[in-house]
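Below is one structure, written out as C-alpha cells; the observations come after it.
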Number of protein chains: 2
Amino acid sequence: MQKQVEIIKANGEREFFDEGKLRASLLRAGAEDSQVEAVLRHISKELEDGMTTDHIYRHAFSVLKDVQNPRAIRRYSLRRALIDLGPTGFPFERFLAKLFASQGFEVKNDQILQGRCVPHEVDLVAYNENKLVMVESKFHNRMGEKSDVKVALYVKARFDDLSEQLFDYGKARPLDEGWLVTNTKFTENAIKFGVCAGLKMVGWNYPEKGSMRDLIEDSRLHPVTCLPSLTKEERELLLNNDMVLCSQILDSQSKLIELGIKREKVTTIAAEAEALCGR
Amino acid sequence: MQKQVEIIKANGEREFFDEGKLRASLLRAGAEDSQVEAVLRHISKELEDGMTTDHIYRHAFSVLKDVQNPRAIRRYSLRRALIDLGPTGFPFERFLAKLFASQGFEVKNDQILQGRCVPHEVDLVAYNENKLVMVESKFHNRMGEKSDVKVALYVKARFDDLSEQLFDYGKARPLDEGWLVTNTKFTENAIKFGVCAGLKMVGWNYPEKGSMRDLIEDSRLHPVTCLPSLTKEERELLLNNDMVLCSQILDSQSKLIELGIKREKVTTIAAEAEALCGR
C-alpha cells in the first residue's frame with residue numbers, strides 16, 4: 001500500500017508521490033522486477049512530505065546500484081551504450097577524443113596528415129609532452145560485427161606512409177604510435193597482425209588490461225547513451241550538441257533544459273547519471 | 001515486305017524465316033533501330049531457301065558489327081558485362097584467372113599465404129618462369145563505386161607482410177609483385193598511393209595502357225555476360241559452371257545444350273559470341 005506523501009517537483013509544484021512512475025523509470029534502467037520491489041520497499045520507508053522528486057529519484061537509483069549486481073548490469077548497458085552512439089561513427093570519435101583528453105592528451109578530430117605518398121584523413125590526433133599518436137576509430141553498429149585484419153593492415157600501411165614525416169602538434173615531431181580503436185571486437189587475425197606490426201589495439205574487451213571497457217569504467221567516462229530513460233530523440237539531441245559524456249549531464253543540467261528537455265525529465269536523467277557515473 | 005524463305009533450324013526442322021525474331025535479337029544486343037533496319041536490309045537480300053538459322057544469325061551479327069560503331073558499343077557493353085559478373089566477386093576472380101592464364105601464367109585461386117605476422121587469403125596467385133605475383137581482386141556491383149585508398153593501403157601492408165617469405169610455386173621463391181585489380185575505378189588517392197607504393201594497379205580504365213578494358217579487348221577475352229541475349233538465369237547457369245569467357249561458348253556449344261539451354265537459343269548465343277569475341 002502506497003503512502004500518500006506530498007513531494008515537490010523540479011518546477012516547485014507539489015504533487016502526491018507516484019510509485020508507478022518511479023517503478024517504470026527503474027524498469028527502463030534495466031532493473032529486474034525483484035530488484036525494483038526491493039528498491040521501492042527501501043524508498044517507501046524514507047518518504048516524507050516535502051521531499052523533492054530529484055532527491056527521491058537519485059536515492060532510488062543509488063539503492064538500485066546496491067541491490068543489483070552493478071558491474072554486470074553496467075557492463076551490459078555500457079556495451080549497448082557504445083552501439084547506441086551510432087548509427088554514424090562521429091559521436092564515437094568525439095567520445096574517444098574525451099577519453100584521450102581525460103588521460104592528459106591534447107586532442108584534434110579529423111586531421112589531414114601528409115604522408116610520403118598521399119594525404120591521410122586521421123580520425124583523431126592526440127599528443128602530450130612525450131608522444132604524438134594517430135588514432136583510427138572503427139565504429140560498428142552491431143555487437144557481433146568485428147574489425148578484421150584488413151582494417152589493421154590499412155592502419156599499418158597508413159602509419160608507415162606517415163612515419164617519416166614531421167608534424168606540427170605542440171612542436172615539430174614524428175608520429176610515435178598508431179592506434180586502432182573499435183567499440184566492438186577484433187578478429188583473432190586482426191589482433192595477431194596488429195600486435196606483430198606494433199599497433200596499439202583497443203577493443204571492447206581487448207587488451208586484457210586497458211580495454212575500452214576498462215578505460216571507461218576506470219575513468220568513469222560513461223557515454224550519455226548509458227542513461228536508460230533517454231529516448232532515442234533525446235539521445236540524438238544530446239549527441240548533436242556535443243554532450244557525449246554522462247558526466248557532462250551532471251555538470252550542465254541547465255543545458256538540457258535549454259535544449260528543450262522537460263524539467264522533470266532532466267531530474268530523472270540527472271538521477272540516473274548520478275547513479276551510473278557520479279563521482 | 002518480308003520474303004517467304006524457308007530456313008533450317010538447329011534441330012533440323014524447316015520453318016519460314018521470321019524477321020521479327022531476328023529484329024528482337026539485334027535490339028537485345030544493343031543495336032539502335034536504324035542499325036537494325038540496316039542489318040535487316042542487308043540480310044534480306046541474301047536470304048535463300050535452305051539456309052540455316054545459325055548461318056543467318058551469325059551473318060546478321062557480323063553485319064551489325066560493321067554497321068554500328070563497334071568499339072563504342074562493345075565498350076559500353078563490356079563495362080556493363082563486368083558488373084553483370086556479380087553480385088558476388090567469385091566469377092570476376094575466375095575471369096581474372098583466365099586473363100592471367102592467357103598471358104602465360106600458371107594461376108591458383110584462393111590461396112592462403114603465411115606472412116611474417118599472419119596468414120593471408122590471396123584471391124589469385126599467378127606465376128611463370130620469371131615472376132610470382134599476388135592479386136587482390138576488388139569487385140564492385142555498381143559502375144559508380146570506386147576502390148579507395150584504404151584498399152590500396154591494406155594490399156600494400158599485406159604485400160609487406162608477405163615480402164620476406166618464400167613460397168612454393170614452381171620453385172621456392174619470394175613474391176615479386178602485388179596487384180590490385182578492380183572492375184570499376186580507383187579514387188585518385190588510391191592510384192597515387194598505389195603507384196608510389198609500387199603496387200600494380202589495374203582498373204576499368206587505368207592505367208592508360210593495360211587497363212582492364214585493354215586487357216580484355218586486346219586478348220578478346222570477353223566475359224560471357226557480354227552476350228546480350230543471355231537471360232539472367234542463363235548467365236548464372238554458365239557462371240556457376242565455370243563458363244566465364246565468351247570464347248568458351250564457341251568452343252563448347254554442346255555443353256550449353258547439356259546444361260539445358262534450348263538448341264535454338266544456343267544458336268543465337270553462339271552467333272552473338274562469334275560477332276562479339278570470335279577470332
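Computed values, structure above
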quantity: Those residues of the stretch B:177-205 which are away from chain A (no Cβ under 14 Å) and farther than 17 Å from B:MET143 by Cα, in sequence order; calculated: B:GLU177, B:TRP179, B:LYS200
quantity: Qualifying positions in the stretch A:140-179 - touching a Ser or Thr at 6+ places or on another chain (Cβ under 7 Å) and over 14 Å from A:TYR127 (Cβ atoms); calculated: A:HIS140, A:MET143, A:GLU145, A:LYS146, A:SER147, A:ASP148, A:VAL149
quantity: Unmet criterion (only one of (1) touching a Ser or Thr at 6+ places or on another chain (Cβ under 7 Å); (2) in the same structural domain as B:PHE139 (by TED's automatic domain parsing); (3) surrounded by fewer than 20 Cβ atoms within 10 Å (Cβ to Cβ)) for B:GLY203; calculated: (3)
quantity: Top-ranked residue of the stretch A:240-275 - restricted to ones that are touching a Ser or Thr at 6+ places or on another chain (Cβ under 8 Å) and of a type outside the set (Gly, Ala, Ser), ranked as farthest from A:ALA97 (Cα to Cα); calculated: A:GLU264
quantity: Which numbered condition B:ILE191 fails, given (1) under 23 Å from B:ALA152 (Cα atoms); (2) within 15 Å of the chain's Cα centre (by Cα); calculated: (2)
quantity: Top-ranked residue of the stretch A:266-279 - restricted to ones that are farther than 19 Å from A:GLU217 by Cα and out of contact with any Leu (no Cβ under 8 Å at 6 or more places or on another chain), ranked as surrounded by the fewest Cβ atoms within 10 Å (Cβ to Cβ); calculated: A:THR267
quantity: Verdict on A:LYS146 being charged (D, E, K, R), surrounded by 15 or more Cβ atoms within 10 Å (Cβ to Cβ) and under 23 Å from B:GLY194 (Cβ atoms); calculated: no
quantity: Strands (runs of 3 or more DSSP E) contained in the stretch A:90-176 and holding at least 1 residues within 14 Å of chain B (Cβ to nearest Cβ) and touching a residue at least 40 places away in the same chain (Cβ under 8 Å); calculated: A:106-114, A:119-127, A:132-138
quantity: Filter result for B:GLU129 (modelled with pLDDT under 95 and over 26 Å from the mean Cα position of the chain (by Cα)); calculated: no
quantity: Complete set of residues in the stretch B:221-265 that are surrounded by 15 or more Cβ atoms within 10 Å (Cβ to Cβ), in a helix (DSSP H, G or I) and hydrophobic (A, V, I, L, M, F, W, C); calculated: B:VAL224, B:CYS226, B:LEU237, B:LEU238, B:LEU239, B:CYS246, B:ILE249, B:LEU250, B:LEU256
quantity: The stretch B:9-23 - residue that is over 31 Å from the mean Cα position of the chain (by Cα) and modelled with pLDDT under 85 and, of those, surrounded by the fewest Cβ atoms within 10 Å (Cβ to Cβ); calculated: B:GLY12
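The values are calculated or read from the model by the stated rules, or taken from the named source; none is laboratory data. This structure is a prediction, so every number in the text was calculated from the model and none was measured. Don't worry about glycine lacking a Cβ; one is built from the backbone with ideal geometry, like all the others, and counts go over all protein chains shown.
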